[in-house]
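Engineer: The structure's right below; bear with me while I get my questions together.
The values are calculated or read from the model by the stated rules, or taken from the named source; none is laboratory data. From a predicted model like this one, the values you see are computed outputs, not experimental measurements. We place every Cβ from the backbone using ideal geometry, glycine too, and count neighbours over all the protein chains shown. SASA here: full protein model, heavy atoms, side chains in, ligands and nucleic acids out. Shrake-Rupley method; radii C 1.70, N 1.55, O 1.52, S 1.80 Å.
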Amino acid sequence: MRFISVLLAGALLLGSAEAREKVNVSFSDLAVGDFVKLVSKITRKNILLNYTINGKINLISSAPIYDDEVMDILINVLESKGYTLADEGSYYTVVRANEAAKHSTKVIPEGKNPKGNLMVTYTMRIQHENVDIIAAKIRYLISKTAKLMTLKENNTLVITDYPKNIKTIREVLKQLDKSKNFDVKVLHVENTEAKKILPKLETIAKSIFNQKVHGEMVKITVDEDINSLILVGKPKNIAKLEAIVKELDKEANVSNSVRIFPLKNSDAKAVLKSLTDIINNQKFKDPTLKPNVSESDEINAIIAVGDPIILNGIKKIIDELDKEKYQVYVQANIIEINRSDVENLGVKYGFDGAVIGSSGGLYALSANFGGPNIGVGTILSTMQTNNAKAGFALNMAIDFLQSKGAARSVSNPSILCINNKESSIYVGKTISVVSGSVASATGGVGTGITNSYKREDVGLTLKIKPRVSSNDKVTLEVEAILESVLDDGSKNATGQPVTSKQTVNTQAILRHGESIIIGGLVKNYIRHNKTKIPLLGDIPWIGEWLFSSKEDTVENDNLVVILTPYVIDKSSQLSKLQAELGELARLQKEYEKEVFERIEAKKRIDALKEKNETIKVEKKGE
């Protein structure tokens, strides 16, 4: 052992073993084993060294230290090498640090301060916190080789560590294990069920109190037997929740749990179906919170029973569903046009486009009157322009055909449709058709036949379903059904009428005031024509055979339906629209009178020209 300086000033010769003595110690490159021997002499403690511990140590001391502090230095040196000392009574043993707890460490009773240099085992009962939570918080304070154990059954900590670490842990635990002064408060709920308030109150408590701080948390339970909420926590936190419970209990008053929502624009049954679908698709944590909804036909209202907060959401849905809906005012003009009459009229007046194979002929005819049809809004806003005159062309063409007997107006119905609701128009008649016969005995002589009849509609049915995309555009879904009688029963053996049925389905996107023409509905029939020489043809028998003739021709009538929709977003606009249509009709009549006069004048001029040409040809031939 090589000492640079070791001064033991009376430490080995003076004083008793019980008194603390100061020594001057200083050494360099001292082997660990030699240092163990030195400490044994200074402290007068026997130390058993069973391991060969390599390494050297240095201690530079400028002032004397107490002899018992030399033991602390030894323990620090041994710990750095992975060893420590264990008290075996009359001597110390050098043991591995991670096995120190297995040796007979001294147990310090709770409440007493641990002393000495060697590891001891200390127990501490935790009063106000969970022992596992406390253990997690102080684990970083223990030494690397210490042991920490929790006893859940009595909420106690067991620590095997050096006394100086245990002292630090005790001071920290005094701060962590303070009483939280929790109160218990029972809040009686008067106007609703306590369990309905519970989930709301728990959510609020988690939002306003830090859930990571145990002392800030408020535990809430419900007692259904007394319809009360039980709160456990700090008095100030309980006071906050108590005020909230009073408000929730006030809002949940029974009179507010039943709401009646009168409907202004919608049918209660339709709204109820939508509400039921929405509610059934929702998931409620508490099934008792699911609202009940029903409808009342007498007052056209929705009746809802449930939690006030949920009822507020239902009210918002009802308000949206009950908004004033778009309406579409549809004017229909059903016209029967005879093909041969229109062709003759076209030749007579020079309208090449008047040859009608379908409704397209009307467009061609209207083009001769100045252009296509345009919306009512455009016409009324530009009455003094050429566009306004061009907008009258379609109706003018129809009126012209009617005035010359080539067309006949069957009906001019109008219908007010609700958006996305189907409406229908029927124009026709009802006939009787035999549906069955029953033979019965009459007075034992013979049998009689009793017929049963059913009524069948024969005519034109229009089904219209509008779908408004904006206040200026609408999609019309149109179905036109034409049923006509081909034979009234006089020309067949059954004696039953024979009918035909034609159906047209179409969709069209139109602007406000634009027209759509639905054609393709054709009726064929035989016309009996009789011609005769005036006076001679009226002679009985002889006139009929010699001076008259009969001819049957197959006639073809086109049934044309013209639909014009007008979009109304508010009911108050209906009267305004009717006034505009009245003004439009007046302008139409004025302009037609002017145009028709020009057409007739042109016809007379053309006739004179043709007559002059004929005279010239005749004179030239002479």
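Engineer: For region 79-95, which positions are under 15 Å from residue 162 (Cβ atoms), of a type outside the set (D, E, K, R) and in contact with a Leu (Cβ under 6 Å, 6 or more places away or on another chain)?
Structural biologist: Within region 79-95, 84, 85, 92 meet the criteria.
Engineer: Another question about this same structure. For residues that are over 30 Å from residue 417 (Cβ atoms) and among the polar types (S, T, N, Q), scanning just region 260-282, find the one that is most open to solvent (accessible area, probe 1.4 Å).
Structural biologist: 281
Engineer: Among what's in region 215-230 and is closer than 22 Å to residue 133 by Cβ and open to solvent by less than 70 Å² (accessible area, probe 1.4 Å), pick the residue that is modelled with the lowest pLDDT.
Structural biologist: Of everything passing the filter in region 215-230, 215 is modelled with the lowest pLDDT.
Engineer: Related question: Assuming residue 133 fulfils every condition listed in (1) in contact with an Asp or Glu (Cβ under 9 Å, 6 or more places away or on another chain); (2) open to solvent by 70 Å² or more (accessible area, probe 1.4 Å) apart from one, which condition is it?
Structural biologist: (1)
Engineer: Among what's in region 33-72 and is over 15 Å from residue 83 (Cβ atoms) and in a strand (DSSP E or B), pick the residue that is modelled with the lowest pLDDT.
Structural biologist: The qualifying residue modelled with the lowest pLDDT is 66.
Engineer: Can you tell me which residues in region 157-175 are open to solvent by 10 Å² or more (accessible area, probe 1.4 Å), in contact with a helix residue (DSSP H, G or I) (Cβ under 8 Å, 6 or more places away or on another chain) and more than 21 Å from residue 118 (Cα to Cα)?
Structural biologist: Listed by number, the list holds a single entry, 172.
Engineer: Quick test of your reading of the structure: residue 197 fulfils all but one of (1) over 52 Å from the mean Cα position of the chain (by Cα); (2) buried (at least 16 other Cβ atoms within 10 Å of the Cβ); (3) at pLDDT 80 or above. Name the failing condition by number.
Structural biologist: Result: residue 197 passes all but (1).
Engineer: Give me the pairs: first residue in region 498-517 and without any contact (Cβ under 8 Å) to a residue 24 or more places away in the chain, second residue open to solvent by 80 Å² or more (accessible area, probe 1.4 Å) and part of a strand (DSSP E or B), beta-carbon distance under 8 Å, and six or more apart or on different chains, which are they?
Structural biologist: That search, which allows pairs on different chains as well, returns 498/486; 500/486.
Engineer: Only one of 310, 317 is hydrophobic (A, V, I, L, M, F, W, C), over 21 Å from residue 191 (Cα atoms) and surrounded by 12 or more Cβ atoms within 10 Å (Cβ to Cβ); which?
Structural biologist: 317
Engineer: Another question, then. Would you call residue 191 assigned to a loop (DSSP other than H, G, I, E, B) and open to solvent by less than 80 Å² (accessible area, probe 1.4 Å)? Spell out the reasoning first.
Structural biologist: Details: assigned to a loop (DSSP other than H, G, I, E, B): yes; open to solvent by less than 80 Å² (accessible area, probe 1.4 Å): yes.
Yes, satisfied.
Engineer: Then there is this: What is the residue count in region 70-92 for residues that are surrounded by 15 or more Cβ atoms within 10 Å (Cβ to Cβ) and either closer than 20 Å to residue 144 by Cα or charged (D, E, K, R) (or both)? Full working, then the answer.
Structural biologist: Our first condition is that a residue be surrounded by 15 or more Cβ atoms within 10 Å (Cβ to Cβ); within region 70-92, this holds for 70-75, 77-79, 81, 83-87, 92.
With the extra rule that they be either closer than 20 Å to residue 144 by Cα or charged (D, E, K, R) (or both), the set shrinks to 71-75, 77-79, 81, 83-87.
The number of residues fulfilling the criteria is 14.
Matching residues to (1) at pLDDT 80 or above; (2) in contact with a Ser or Thr (Cβ under 9 Å, 6 or more places away or on another chain); (3) among the acidic types (Asp, Glu); (4) open to solvent by less than 70 Å² (accessible area, probe 1.4 Å):
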site	(1), (2), (3), (4)
556	no, yes, no, yes
567	yes, yes, no, yes
584	no, no, no, yes
603	no, no, no, yes
610	no, no, yes, no
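Engineer: Assess whether residue 577 counts as being surrounded by 13 or more Cβ atoms within 10 Å (Cβ to Cβ), under 20 Å from residue 412 (Cβ atoms) and in contact with a strand residue (DSSP E or B) (Cβ under 9 Å, 6 or more places away or on another chain).
Structural biologist: yes
Engineer: Take residue 491 and tell me if it is of a type in the set (Lys, Arg), modelled with pLDDT under 70 and not in a strand (DSSP E or B). Working first, answer last.
Structural biologist: On the way: of a type in the set (Lys, Arg): yes; modelled with pLDDT under 70: yes; not in a strand (DSSP E or B): yes.
Considered against the rule, which asks whether it is of a type in the set (Lys, Arg), modelled with pLDDT under 70 and not in a strand (DSSP E or B), residue 491 comes out as yes.
Engineer: Which of (1) farther than 30 Å from residue 514 by Cα; (2) among the basic types (Lys, Arg); (3) modelled with pLDDT of 80 or more does residue 325 not meet, given it meets every other one?
Structural biologist: The single condition residue 325 does not satisfy is (1).
Engineer: Where the second residue is open to solvent by less than 50 Å² (accessible area, probe 1.4 Å) and small (Gly, Ala, Ser) and the first is in a strand (DSSP E or B) and lies in region 136-159, which pairs have Cβ atoms under 8 Å and are six or more apart or on separate chains?
Structural biologist: Listed pairs, sorted by first residue: 147/101; 148/135; 150/135; 157/135; 159/146.
Engineer: Within the group 274, 266, which residue is within 27 Å of residue 475 (Cβ to Cβ), out of contact with any strand residue (DSSP E or B) (no Cβ under 8 Å at 6 or more places or on another chain) and assigned to a loop (DSSP other than H, G, I, E, B)?
Structural biologist: Just a single option satisfies the conditions, and that option is 266.
Engineer: To continue, here is another question. Residues that are within 18 Å of residue 37 (Cα to Cα), at least 1 per element: which strands (runs of 3 or more DSSP E) completely within region 76-116 meet that?
Structural biologist: 83-87, 91-96
Engineer: Still on this structure: From (1) outside any helix (DSSP H, G or I); (2) touching a Pro at 6+ places or on another chain (Cβ under 6 Å), pick out the condition that doesn't hold for residue 283.
Structural biologist: (2)
Engineer: A further question on this structure: If you go through region 113-128, how many residues are over 17 Å from residue 75 (Cβ atoms) and either within 60 Å of the chain's Cα centre (by Cα) or at pLDDT below 80 (or both)?
Structural biologist: Total meeting the criteria: 6.
Engineer: Here's another thing I want to ask about it. Of all residues in region 283-293, which are surrounded by 12 or more Cβ atoms within 10 Å (Cβ to Cβ) and free of Cβ contacts under 8 Å to residues at least 12 places away in the same chain?
Structural biologist: Scanning region 283-293 gives a single hit, 284.
Engineer: Can you pull out the residues in region 432-484 that are β-branched (Val, Ile, Thr) and at pLDDT below 75? Even if it seems obvious, please write down each step before you answer.
Structural biologist: First, pick out the residues of region 432-484 that are β-branched (Val, Ile, Thr): 433-434, 438, 442, 445, 447, 449-450, 458, 461, 464, 468, 474-475, 478, 481.
Across region 432-484, the qualifying residues are 433, 434, 438, 442, 445, 447, 449, 450.
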